[in-house]
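The values are calculated or read from the model by the stated rules, or taken from the named source; none is laboratory data. From a predicted model like this one, the values you see are computed outputs, not experimental measurements. Note: ideal-geometry Cβ built from the backbone for every residue, glycine included; neighbour counts use all protein chains shown.
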Amino acid sequence: MKHFFDENQERLLISFLNSFQVSLAEKILEQLFDYTNLVLEGNEKTNLISKNDGPKFLTRHITDSLIPYIILSKKNKLSPGMKWADMGSGAGCPVFPLAIACPDIHFYAVEPRAKRVLFLESVKENLNLKNITIVGKRFETSEINHCDVISCRALSTFENDWQRAKPALRQHGLFVTLKSFESVRELEETPHTEIVKYSLPEETQNYALVIRGYYE
């Protein structure tokens, strides 16, 4: 497959993983590269991501998408057979990189826009991913429930996203979302909420993974 990214992007991704003492199997890396190619190739026909983000898709979007896997793994919060739903999956970040990195967890990519749904279905088929289900609905009408983890990236405010996710979480389930650090720093003292600050290659601002447990 033709690569739509340069070797420096690949090097920066590996360096980013190394900074967390994370090593991914060659098969997983190849699938991440294949997914990147599919997004960048598809972006030439359909507006999937910003044109400015295309040249740095590996270092801006793939790295960011892997943060929940990296952090939750280190906290021993992930286990085989878990049910993980992603709200508003768009072009597939973070849910496809997560599904690639966590083959023993079943993911639901929930996306209401028809063109995005068609793209996600084609990516699933191209990558032969058995552990992901594409749901072409709004999350509130998807009838997905009793999730171990619900994620989202770049949707609304934290509290709005939390209110959407909460009804579909099982007791002690986790809501995780990727935000800019500045937009969520006031949540640092909130009960049942943890903020993990991080940076991405070649990006100047700080980012945050926000983790909130559901305890009713």
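Descriptive notes on the structure:
- Taken together, L48, L38, L32 contain a single residue that is out of contact with any Ser or Thr (no Cβ under 7 Å at 6 or more places or on another chain) and modelled with pLDDT of 95 or more, which is L32.
- Residue that is modelled with the lowest pLDDT [pool: residues in the range 172-191 that are part of a loop (DSSP other than H, G, I, E, B) and surrounded by 12 or more Cβ atoms within 10 Å (Cβ to Cβ)]: E188
- Any hit, the range 193-202, residues being more than 26 Å from I14 (Cβ to Cβ) and not β-branched (V, I, T): yes
- Within the range 128-163, being modelled with pLDDT of 95 or more and in a loop (DSSP other than H, G, I, E, B) holds for N128, L129, K130, N131, G136, K137, R138, S142, E143, I144, N145, H146.
- Residue list for the range 50-81, restricted to those being touching a strand residue (DSSP E or B) at 6+ places or on another chain (Cβ under 6 Å) and buried (at least 23 other Cβ atoms within 10 Å of the Cβ): I67, P68
- Boolean, N76 is more than 28 Å from S199 (Cβ to Cβ) and free of Cβ contacts under 8 Å to residues at least 12 places away in the same chain: no
- Those residues of the range 192-216 which are exposed (fewer than 14 other Cβ atoms within 10 Å of the Cβ) and charged (D, E, K, R), in sequence order: K197, E202, E203, E216
- Test: residue in the range 83-99 that is surrounded by fewer than 21 Cβ atoms within 10 Å (Cβ to Cβ) and in contact with a strand residue (DSSP E or B) (Cβ under 7 Å, 6 or more places away or on another chain): yes
- Screening the range 158-169 for residues that are in contact with a strand residue (DSSP E or B) (Cβ under 9 Å, 6 or more places away or on another chain) and free of Cβ contacts under 8 Å to residues at least 60 places away in the same chain and picking the one that is farthest from Q205 (Cα to Cα) gives L169.
- Filtered residues of the range 28-54 (kept if touching a Gly at 6+ places or on another chain (Cβ under 8 Å) and assigned to a helix (DSSP H, G or I)): Y35, V39, L40
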